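No lab work stands behind these numbers, since they all come straight from the coordinates. All values derive from a computational prediction rather than experimental measurement. Here Cβ is always computed from backbone atoms with ideal geometry, including for glycine, and neighbour counts include all displayed protein chains.
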Amino acid sequence: MADVILVDSKFTANTFADTFKKLHARGIRLVVLYLAVNVYQFDKPHSSLSAITMLRNLEEGVFKNRGCDKLLRENVEYLEELKSLAERNGMSDRVNFITSCSTTERNALLSECLCVFYTPKDEHFGIVPLEAMAAYKPVSACDSGGPVETIKNEVTGFLCNPTP
């Protein structure tokens with residue numbers, strides 16, 4: 001039996017402890033080991049113009065989504081919900097949903113975007129906000145789960161109520 005179990009956030013540790021209540025009684029400790037991002041894989045911005053200023057002046061653009069596991073029903077349903085929302089709001093011609101991409105493609109997307117919106121609620125860790133910050137992009141995420149531990153609200157990004 002293990003003495004220590006590594007988890008990726010305090011949120012995950014709490015969820016794990018709530019789910020497996022007998023582990024603590026057996027003396028098994030949960031230790032948080034945060035994931036790392038290679039900051040050297042991203043280029044520094046070429047312009048001093050703030051991405052936030054660019055976003056405020058944006059009249060049209062492309063929003064991209066990645067990391068959708070098509071084997072999980074809720075992911076497929078959520079993607080369809082997002083596509084329907086884009087259609088209902090007359091934005092389907094400006095929205096491109098990319099459900100999976102390579103590291104090279106991800107880096108290219110991050111270099112081209114103005115900001116990153118990270119929408120999962122109660123995500124255990126969420127590497128995407130760290131990747132966005134490493135790529136010098138402002139990030140907005142739900143005020144729940146792992147992003148609460150990696151985003152300093154109004155300093156390194158924005159934390160928002162998951163229910164608008």
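Quick notes
- The simple spin-label model puts a point 7 Å past each Cα toward its Cβ; for Val31 and Glu87 those points are separated by 5.1 nm.
- Inter-probe distance in nm under a simple model that places probes 7 Å from Cα toward Cβ, at Val76 and Ser144: 2.4
- Segment 94-164 - convex hull of the alpha-carbon atoms, volume per residue in Å³: 102
- All other residues whose Cβ lies under 15 angstrom from that of Thr163 are scored, Lys and Arg at +1 and Asp and Glu at -1, for a net of -2.
- Charge context of Asp18, other residues only, Cβ under 14 angstrom, K/R +1, D/E -1: +2
- Two-site label geometry, Ser100 and Tyr40: point separation in nm, points 7 Å out along Cα→Cβ: 3.0
- Reported value for segment 116-155: 54 Å³ per residue, from the convex hull of its C-alpha atoms.
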